[in-house]
1. Could you tell me what percent of the accessible area of the stretch 133-187 is made up of carbon and sulfur, with a 1.4 Å probe and every protein chain present?
2. Per residue, what accessible area does the stretch 109-233 have, given a 1.4 Å probe and all protein chains present, in Å²?
3. Could you work out how much longer the chain between Arg85 and Arg226 gets when fully extended? Use 0.36 nm per residue separation minus the Cα distance between them, nm to one decimal.
4. Kindly rank 163-170, 202-209 from highest to lowest mean number of other beta carbons found within 10 Å of each residue.
5. Compute the distance in nm between two label points, each set 7 Å from the Cα along the Cα-to-Cβ direction, one at Thr233 and one at Arg177.
6. On a full-extension model of 0.36 nm per residue, what is the gain between Asp165 and Thr123, subtracting their alpha-carbon distance, rounded to one decimal in nm?
7. With a Förster radius of 30 Å, plug the Cβ-Cβ distance of Met52 and Ser10 into 1/(1 + (r/R0)^6) and report the FRET value to the nearest 0.05.
8. Would you work out if the stretch 162-223 is rounded, prolate or oblate? Take a ≥ b ≥ c from the square roots of the eigenvalues of the alpha-carbon gyration tensor; rounded if a/c is under 1.5, else prolate when a/b is larger than b/c, oblate otherwise.
Amino acid sequence: MSNSSKLDESLREAIIAQADQVLDDEDVIRALLSAQEGARAENIIDFRGIAMEQLEQRLSQLTSTHRGVVAAAYENVAGTAQIHRAILRMLEAADLRKFLHDLGGEVLKILQVDSLGLALELTSKQPNDLSAIPHLHIVPKGFVNNYLGDQGKTAGKQVILRQLDQADRQIHGKDYRCIRSEACLRLSLGTKKSCGLLILGHQDPQKFAPQQGVDLLSLLAGVCDRRLRHWLT
């Protein structure tokens, strides 16, 4: 402090030696605050005010962190429940047609996504009379790799999450312009010659972001894959 030399040295040393007692003395603090308000002196520091401000900042940070943790936990629980409900619906289907209709109907609603497409590369045992199912696409060999694009990044991954500048019209349907993120669930179908993709689309670019976890979607992909194998292989 610029004017500390004007303070009597013995008084200064006494204050420093008993600083905690000075801060606890209401009369002393009141006198200091009055001097600050009257003289506007730069060498008067409101230690209690500074401490309270710091505590309020820390409390605000802790509150924000707590809310973030609670929100993340709630979202995780809700997401787990969604996947479980979707899987149970998949397991209820007695035949392929019912399974495929449920995918584009109840399963889509349960997962709360904006679009759902199923692309299958099949070389044998083609489904019969399923052309009326709009979200089912029988595609040529190589479609899955071409759709996923960069094989260096996607090779070996069962679930790929990505954000989109423009969604595929064939896969996402008439509302493809609104889709800004998608989850691509790779299906092996139990053979080297056949494979597929279950593709979920959403209008929110952050719904399926690359940094998110994929454990639940991997489970969904596994169940869908095994159900399709039952009818297609």
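The values are calculated or read from the model by the stated rules, or taken from the named source; none is laboratory data. What you are looking at is a predicted structure, and each value in this text was computed from that prediction instead of being measured. With ideal geometry, Cβ positions are generated from the backbone for all residues, glycine too; neighbour counts draw on all protein chains shown. What goes into the accessible areas is simple: the full protein's heavy atoms, side chains included, and nothing from ligands, DNA or RNA. Shrake-Rupley method; radii C 1.70, N 1.55, O 1.52, S 1.80 Å.
1. Result for the stretch 133-187: 48 percent of the exposed heavy-atom area is carbon or sulfur.
2. That works out to 53 Å² per residue.
3. Gain on stretching Arg85 to Arg226: 49.1 nm.
4. Put in order of decreasing packing, that is 202-209, 163-170.
5. Computed distance between label sites Thr233 and Arg177 equals 4.0 nm.
6. Full-extension gain reported as 11.9 nm.
7. 0.45
8. Oblate is the answer for the stretch 162-223, as a/c is 1.5 or above yet b/c matches or exceeds a/b.
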